[in-house]
Amino acid sequence: MTTIEVLIHDLVEKHGKNRNALMPVLQGVVACEKFLSEEAMIAVARELDLSAADVYGTASFYTFLDTKPRGKNIIRVCKTISCHMQGKDAIIKAIESHLMVKVGETSPDKKFTLLSANCLGWCHKGPVMLINDEVFPSVTPEKAIEIIENFAKKTI
């Protein structure tokens with residue numbers, strides 16, 4: 001068995017071999033591998049007796065289940081109307097300019113990927129930015145760059 005197959009087998013042992021285990025298994029793969037490769041999705045389908053199309057459909061539907069490699073740090077900026085009204089476009093522009101990437105792209109050094117997210121659940125404190133699992137509410141363009149620079153120092 002390959003490394004990914006062993007990981008998936010262990011996740012299925014932990015979460016069960018039924019349709020309800022699909023999300024936790026996919027989340028477990030992303031936690032370890034940082035994305036869901038085609039090989040991983042096929043192995044999940046095989047382990048859970050699901051179609052590969054069902055697994056891919058689930059994986060591609062959810063924002064936080066990446067189906068392509070990302071940078072070491074994933075920056076997500078909320079794109080809901082409340083964050084939009086509070087200046088999320090300025091945040092995105094500042095980040096794009098600073099990292100020299102567009103939304104959906106990864107920096108050449110593979111340290112950062114910039115994405116937008118449908119909702120981060122912090123509408124009362126927008127605009128909101130998430131880096132990996134850390135939430136940054138009430139972000140300004142200047143504060144966003146400062147936060148990113150601090151993450152860049154940690155990933156040397």
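Only the coordinates and a few stated rules stand behind these numbers; no lab work does. Computed from a predicted model, the values in this text were never measured in an experiment. Virtual Cβ from ideal backbone geometry, glycine too; neighbours counted across all protein chains shown.
Ranking of Tyr62, Tyr56 by neighbouring Cβ atoms within 10 Å, starting from the fewest: Tyr62, Tyr56.
Rounded, prolate or oblate: which fits segment 19-83, taking a ≥ b ≥ c as square roots of the Cα gyration tensor eigenvalues, rounded meaning a/c under 1.5, else prolate when a/b beats b/c? Note, shape of segment 19-83 comes out prolate. Counting neighbouring beta carbons within 10 Å and listing from fewest to most, the residues Ile91, Ile131 come out as Ile131, Ile91. For the chain, the cysteines with no partner cysteine C-beta closer than 4.7 Å are Cys32, Cys119, Cys123. For Lys34, the lysines whose Cα falls under 24 Å of its own Cα, not counting residues fewer than eight places away in the same chain, are Lys14, Lys17, Lys68, Lys72, Lys79, Lys102, Lys110, Lys111, Lys153, Lys154. Amide H to amide H distances under 5 Å link Thr106 with no residue, where only residues 5 or more positions off or on other chains count and H is placed in the peptide plane. Think of the chain as a dipole: +1 on every Lys or Arg Cβ, -1 on every Asp or Glu Cβ, centred on the Cα centre; then among Tyr56, Ile81, Val103, Ile81 lies furthest on the positive end.
Which order results if Phe112, Phe64, Phe35 are arranged by neighbouring Cβ count within 10 Å, fewest first?
Neighbour counts put them in this order, fewest first: Phe64, Phe35, Phe112.
Our estimate of slack between Met85 and Lys153, defined as 0.36 nm per intervening residue step minus the Cα-Cα distance, is 21.4 nm.
Magnitude of the charge dipole for segment 33-100, about its Cα centre and with charges confined to Cβ atoms of Lys, Arg (+1) and Asp, Glu (-1), is about 480 debye. Proximity of backbone amide H atoms, modeled 1.01 Å from N, is registered between Asn73 and Phe112, Thr113 at under 5 Å, excluding neighbours fewer than 5 places apart on the same chain. Packing around the peptides 119-130, 9-20, taken as the average count of other Cβ atoms within 10 Å per residue, puts them in this order, highest first: 119-130, 9-20.
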